[in-house]
Amino acid sequence: NAGVTQTPKFQVLKTGQSMTLQCAQDMNHEYMSWYRQDPGMGLRLIHYSVGAGITDQGEVPNGYNVSRSTTEDFPLRLLSAAPSQTSVYFCASSYGGNSYEQYFGPGTRLTVT
Amino acid sequence: AQKITQTQPGMFVQEKEAVTLDCTYDTSDQSYGLFWYKQPSSGEMIFLIYQGSYDEQNATEGRYSLNFQKARKSANLVISASQLGDSAMYFCAMTLFKTIFGAGTRLFVKA
């Protein structure tokens, strides 16, 4: 199993540009989540999904869109990038429910200039 | 609303000693999961230990144990016999359908 994969690993955007961060998992996990981690800080939940076709907002959803058309994929779209969105983005997946740990991707380091 | 609080931004511990990392949480729900993750300087997130809200015994995984006090809403991580490789960020997390994280504690292990 590849686990949770994220592409790209690094990205530089100009203010106002849009882009999609890709996330895929091959473990047949129901739950998937996107987090951002700013320097020296914890992970903040952006959006999450409890299954294909079902998404919901997390703690910091503004400026981001998600969709979940398949169990495997959970892309994160930045609509109009801003310097405040400079961060490391982690995608995670789990079997679902409250008793299963999250499996994390390696992260995408995004810089917005 | 869910909330996780880690009040220790940084901690120092001598190699081979035990250390406790604090975590308190807030929720009005009765069923939830509590987790600890480690993030070394390389950046990956590593799952350490899990405690269910209905578990009566404290969870243990090797040198890691979770001191769960439900009435006080605390879920402290205890690392016994610290090793230099334990130097990392440690995050407490709570899952109640969605998973939220605390701000983390940076642990420094001194030789």
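Brief remarks on what is shown
- Of the residues screened, B:Glu44 is one that is of a type outside the set (Phe, Trp, Tyr), facing chain A (nearest Cβ under 9 Å) and either surrounded by 13 or more Cβ atoms within 10 Å (Cβ to Cβ) or on the phi < 0 side of the Ramachandran plot (or both).
- Residues located in region B:1-29, provided they are in a loop (DSSP other than H, G, I, E, B) and either touching a residue at least 60 places away in the same chain (Cβ under 8 Å) or in contact with a helix residue (DSSP H, G or I) (Cβ under 8 Å, 6 or more places away or on another chain) (or both): B:Gln2, B:Gln6, B:Gln8, B:Pro9, B:Glu15, B:Lys16, B:Glu17, B:Ala18, B:Asp22, B:Cys23, B:Thr27, B:Asp29
- In this entry, B:Asp22 passes the filter for residues that are under 12 Å from the mean Cα position of the chain (by Cα), away from chain A (no Cβ under 11 Å) and over 30 Å from A:Lys9 (Cβ atoms).
- Only strands (runs of 3 or more DSSP E) whose full extent lies in region A:13-63 are considered here, and the ones with at least 1 residues that are touching a residue at least 12 places away in the same chain (Cβ under 8 Å) and aromatic (Phe, Trp, Tyr) are A:31-37, A:43-51.
- Among the residues of region A:61-71, just one is over 17 Å from A:Glu30 (Cα atoms) and either of a type in the set (Lys, Arg) or surrounded by 18 or more Cβ atoms within 10 Å (Cβ to Cβ) (or both), namely A:Tyr64.
- Qualifying positions in region A:80-102 - under 17 Å from A:Arg36 (Cα atoms), assigned to a strand (DSSP E or B) and at the interface with chain B (Cβ under 8 Å from one of its Cβ atoms): A:Val88, A:Phe90, A:Ala92
- Matching entry among B:Phe91, B:Phe68 (being aromatic (Phe, Trp, Tyr) and at the interface with chain A (Cβ under 10 Å from one of its Cβ atoms)): B:Phe91
- Pair list, Cβ under 6 Å, 6 or more apart: region B:34-46 residue touching a residue at least 12 places away in the same chain (Cβ under 8 Å), other residue outside any strand (DSSP E or B) and among the hydrophobic types (A, V, I, L, M, F, W, C): B:Tyr37/B:Met45; B:Gln39/B:Met45
- Scan of region A:69-79 for residues that are under 17 Å from A:Gly105 (Cα atoms) and in a loop (DSSP other than H, G, I, E, B), ordered by number: A:Thr71, A:Glu72, A:Phe74, A:Pro75
- Residue in region A:98-111 that is touching a helix residue (DSSP H, G or I) at 6+ places or on another chain (Cβ under 6 Å) and β-branched (Val, Ile, Thr) present: no
- Residue in region A:45-54 that is loosely packed, with under 14 Cβ neighbours inside 10 Å, of a type outside the set (Gly, Ala, Ser) and either within 27 Å of B:Thr105 (Cα to Cα) or within 14 Å of another protein chain (Cβ to nearest Cβ) (or both) present: yes
- Selected residue [more than 17 Å from A:Gly42 (Cβ to Cβ) and within 12 Å of the chain's Cα centre (by Cα)] from B:Tyr64, B:Tyr32: B:Tyr64
- Criterion violated by B:Ser31 - all others in (1) surrounded by 12 or more Cβ atoms within 10 Å (Cβ to Cβ); (2) out of contact with any Phe, Trp or Tyr (no Cβ under 6 Å at 6 or more places or on another chain); (3) at pLDDT 95 or above satisfied: (3)
The values are calculated or read from the model by the stated rules, or taken from the named source; none is laboratory data. From a predicted model like this one, the values you see are computed outputs, not experimental measurements. Neighbour counts are summed over all protein chains in view; Cβ atoms, including those assigned to glycine, are modelled from backbone coordinates with ideal geometry.
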